[in-house]
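Some notes on the structure that comes next.
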C-alpha cells in the first residue's frame, strides 16, 4: 500500500466525478453515435438453406486470451469514478458471470489520485469480485496514465481488481477535445512494450470508438500484446460527447463538430488487424447492436465481440432487462451460425474465409 501512495501521480483535477457523470449521460444520446459508419451493413453472410445440423447443435464456445470460454461476448469498459458506477458495475458483473461473458471495467484512473480514492476503489472492486468470483474481469487505464505511472503501481492496480487482463485505452481525439484532456502520448510504444513484459497478465490494447488504421496496427507488431480490441467507428463517438460537454460556440465545440465522423470503421479495422496482426487475438467492438452484427465480425476474424452502449442501456432498466438483452444477443448469434451452416464461432470464421 505504501508503494501505491508514494509512487502515485498527481491528484485528479476538480470536477472529475461530474465529468464521469456527464460521460455516462451523454453516451446514451443517439446524437453521439456514429451510426451507419461501422461498415457492418455491407458485410454479407452467405445463407445455407441446408445446414446439416440442428439448432441445438450450435455452441457459442470461444477463446479468451488463449483460454476456453463459454461465449465470445464481452461488455466493454464504460463507467467508473462516480457514485452511480458501483451499482451499475455490480449489476453487469452478476449478469456476465451468469451468462459466461467477460466484463471490462471503466477507467481505474481515480485509484491513482490518493489514499481516499484508492481505498474506496479497492473496496468497490472487492465487492464486485465477491459477488462474481468466477467472472473474467478486465482492468482499464488510459495510455497517458500508463506512460506516467510506475510499473509497480500498475501491477497493484490490476491486483486490486483481481483482473485477468488490463485494457489500455487509446483515445487521442477525445483527449484533444476534452478541456481536462491529457493528450500526452509520447513514449507510448515503449511504455506498452515494458508493460507487456512486466505486468504478469495479458495487456489488451483498445481504441474507444475511432478504430485502428493499418498504420497504427503496424506499430503494434512485436509488442507482446495479449489482444487488440479495434473499437472502431460506428458506435458512441467520444469526440461528439466532448463536443456536447463544451460551451456552445466555443473552439472546442466547433472542432468537435468538424471531427464528428473521424475514425476507422469497425469492419475496416478488423480486416486490417487480421492482415497485419495474424498472431494476436482480435477483439471487435464499435457499433455492435445485435447478435447478427457479432456474427459478421466473428466471420471476419474476431475472436471476441464487445458491446458498450446497448449493455449500459439494458443495465439501467434492471437485472431482468439486462438478462433478456444478453439472452437475445446469444440467440441471434446462434441463429446466424445455424443459418450459415456453422456449429461454432470458429467454424463460422473458417467458412467465411473459404467463401471469400
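Hey, can you tell me all the residues within the range 48-65 that are surrounded by 10 or more Cβ atoms within 10 Å (Cβ to Cβ), on the phi < 0 side of the Ramachandran plot and not in a helix (DSSP H, G or I)? Please lay out each step first, then the result.
Filtering the range 48-65 down to residues surrounded by 10 or more Cβ atoms within 10 Å (Cβ to Cβ) leaves 48, 51, 53, 55, 57-65.
Then drop every residue that is not on the phi < 0 side of the Ramachandran plot, which leaves 48, 51, 53, 55, 57-64.
Within the range 48-65, 48, 51, 53, 58, 59, 60, 61, 62, 63, 64 meet the criteria.
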The condition of being at pLDDT below 95 and surrounded by 17 or more Cβ atoms within 10 Å (Cβ to Cβ) holds, among 312, 292, 316, 322, only for 312
Out of 254, 189, 195, 217, which single residue is in a helix (DSSP H, G or I) and more than 23 Å from residue 138 (Cβ to Cβ)?
254
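Based on what the data block shows, is residue 336 farther than 22 Å from residue 104 by Cα and not in a loop (DSSP other than H, G, I, E, B)? Full working, then the answer.
On the way: farther than 22 Å from residue 104 by Cα: yes; not in a loop (DSSP other than H, G, I, E, B): yes.
Against the criterion (farther than 22 Å from residue 104 by Cα and not in a loop (DSSP other than H, G, I, E, B)), residue 336 qualifies.
Sort through 249, 234, 209 and tell me the only one that's surrounded by fewer than 17 Cβ atoms within 10 Å (Cβ to Cβ) and on the phi > 0 side of the Ramachandran plot. I'd like the intermediate steps shown before the answer.
Working: 234 fails: surrounded by fewer than 17 Cβ atoms within 10 Å (Cβ to Cβ); 209 fails: surrounded by fewer than 17 Cβ atoms within 10 Å (Cβ to Cβ).
After ruling out the rest, the residue left standing is 249.
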What are the residues in the range 275-297 that are over 26 Å from residue 28 (Cα atoms) and touching a helix residue (DSSP H, G or I) at 6+ places or on another chain (Cβ under 7 Å), if any?
276, 277, 282
Could you please tell me which pairs satisfy a Cβ distance under 7 Å, a separation of 6+ or placement on different chains, a first residue in the range 57-81 that is at pLDDT below 85, and a second residue that is part of a strand (DSSP E or B) and surrounded by 22 or more Cβ atoms within 10 Å (Cβ to Cβ)?
77/104; 77/138; 77/140; 77/167
Which of the residues that make up the range 118-141 are surrounded by fewer than 21 Cβ atoms within 10 Å (Cβ to Cβ) and either at pLDDT 95 or above or outside any helix (DSSP H, G or I) (or both)?
132, 133, 134, 136
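The values are calculated or read from the model by the stated rules, or taken from the named source; none is laboratory data. Just so you know, these numbers come straight off a predicted model, no measurement behind them. Ideal geometry is used to build each Cβ from the backbone, glycine not excepted, and the neighbour counts take in all protein chains shown.
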